[in-house]
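The structure appears right after this line, and notes come after that.
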Amino acid sequence: MLHNVPNDKLQSAIDEAHATAGLLIRYDRLINAVPDRKYRSRTVAKPKGINGWWLVKCDGVVEFITIVYGNFELGDKVKFKYHINLKDKDHSIKKLTPAERAELQSQMNARIEADRAKYEQSKQQKSDYYVNEFNQLAWCAGHPYITRKGISNLSWYNFRQDTRFNRNLLCVPFVNDRELLQGYQSIAPDGTKRFCGSIGGYFWQYPITNPNDLLFDVNNSFFILCEGVATGISAYEALINHFDNQIYLPIILCAFNVGNLDKVIKITINKRLPYFLLIDNDSTKPRNAGIETAKQLIIDNPDAVIYPVTFDNGTDANDYILANGSISFINLICKQTPLMNFIGN
């Protein structure tokens, strides 16, 4: 597709995407790109992931190419554009007037919006499929993955179990801000996880609704914000078992991955509850995503009350509880956060 584009122009586009959005676009993929097809790419922050995206828009009449790109770490709606003029500057060519340039940009924007509408339609169809699939699965009373995480009261949480095709998958639903089911995450006994549906901006919450508005309000309720289901449940059970004679409401808010934490905060901030952020300490990796994300979440959400809780190197809340016990976990979070202000003495 782009074989006739000068190498320096393609490299400039790659460099620009790297500088503005942290994308790591491969040259061989760019030069062979199909127009209007969306590609995924690695990013500087997550070189092993595919949080980046890009596509090529081509207008053969004016020999004009636009590369549209973005990084989901910066938000779903953030996009950038890089323009390449294929005309040789040494030739006599018509220079676009401001009105013509505006018209060209308008056409590009219309195509981008059409692609977005098509994507949203596909996303909704996928969601409908997985919601229907989840609702037909049997209730889950126990699972090896949860047992290995030291959690026994699985029946409380309304999970499902997929035993089709000789599998044994724990299925965790995720919802939107209106508490409507959008899909689910499946977890195999060995911990392998897969999203059945698009997760961006969605979450698993327990309890899903306030059981008593007269008892639980902003003065004695808080979110347990976490990445993983086992992390949230183990912290929740440690709290309710230790402070069983107090009137307070901890609410598990599972974002499923570090990249989704900011979206979940922005969706739930209207509840006006503080967030006890259980950080996964990724000190064994070149970039400690958990710690760095926690710092950025506090900066990017000044209207949210966020209390980060950190654990030993290379561990999360569940690892800490399994290794040290619930009492040590309670003492740790009481030391790091004003937890007792919400639970009382």
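The values are calculated or read from the model by the stated rules, or taken from the named source; none is laboratory data. Please read these numbers as outputs of a predicted model, since none were measured by experiment. So basically every Cβ, Gly included, is an ideal-geometry build from the backbone, and we count neighbours across all protein chains shown.
Restricting attention to the stretch 102-119, report how many residues are more than 27 Å from the chain's Cα centre (by Cα), at pLDDT 70 or above and not acidic (Asp, Glu).
Residues flagged as more than 27 Å from the chain's Cα centre (by Cα), at pLDDT 70 or above and not acidic (Asp, Glu) within the stretch 102-119 amount to 6.
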Can you tell me which residue is modelled with the highest pLDDT among those in the stretch 11-49 that are closer than 23 Å to residue 259 by Cβ, small (Gly, Ala, Ser) and not in a helix (DSSP H, G or I)? 41
Is it the case that some residue within the stretch 211-227 is within 20 Å of residue 304 (Cβ to Cβ), in contact with an Asp or Glu (Cβ under 6 Å, 6 or more places away or on another chain) and in the same structural domain as residue 269 (by TED's automatic domain parsing)? yes
Restricting attention to the stretch 209-239, the residues that are surrounded by fewer than 14 Cβ atoms within 10 Å (Cβ to Cβ) and either free of Cβ contacts under 8 Å to residues at least 60 places away in the same chain or under 26 Å from the mean Cα position of the chain (by Cα) (or both) number exactly 8
Pairs, please: C-beta under 9 Å, at least 6 apart or cross-chain, first residue not assigned by TED's automatic domain parsing to the domain that holds residue 45 and in the stretch 292-308, second among the small types (Gly, Ala, Ser) and buried (at least 16 other Cβ atoms within 10 Å of the Cβ)? 292/45; 293/259; 297/304; 298/304; 306/294; 308/294
Condition check for residue 319: more than 15 Å from residue 237 (Cα to Cα) and either at pLDDT below 95 or touching a helix residue (DSSP H, G or I) at 6+ places or on another chain (Cβ under 8 Å) (or both): no
Assess whether residue 299 counts as being over 27 Å from residue 343 (Cβ atoms), assigned to a helix (DSSP H, G or I) and under 19 Å from the mean Cα position of the chain (by Cα). yes
Only one of 307, 320 is surrounded by 12 or more Cβ atoms within 10 Å (Cβ to Cβ), part of a helix (DSSP H, G or I) and under 25 Å from the mean Cα position of the chain (by Cα); which? 320
Give me the pairs, please: first residue somewhere in the stretch 29-48 and aliphatic (A, V, I, L, M), second residue anywhere and not in a loop (DSSP other than H, G, I, E, B), beta-carbon distance under 6 Å, and either six or more positions apart or on two chains. 30/10; 33/56; 45/73
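Residues are listed down the side, and each one gets a yes or a no for (1) outside any loop (DSSP other than H, G, I, E, B); (2) at pLDDT below 95; (3) closer than 30 Å to residue 241 by Cβ:
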position	(1), (2), (3)
100	yes, yes, no
121	yes, yes, no
152	no, yes, yes
171	yes, no, yes
Output the qualifying pairs, or none if there are none: Cβ atoms under 6 angstrom, residues six or more apart or on different chains, first residue in the stretch 131-149 and surrounded by fewer than 17 Cβ atoms within 10 Å (Cβ to Cβ), second residue assigned to a helix (DSSP H, G or I). 141/155; 142/154
Of the numbered conditions (1) part of a helix (DSSP H, G or I); (2) closer than 16 Å to residue 231 by Cα; (3) modelled with pLDDT of 95 or more, residue 134 satisfies every one except a single condition; which is it? (2)
Among the residues that make up the stretch 114-123, is at least one of them surrounded by 15 or more Cβ atoms within 10 Å (Cβ to Cβ) and without any contact (Cβ under 8 Å) to a residue 24 or more places away in the chain? no
Failed criterion for residue 34 (all others in (1) β-branched (Val, Ile, Thr); (2) within 30 Å of residue 290 (Cα to Cα); (3) loosely packed, with under 13 Cβ neighbours inside 10 Å hold): (2)
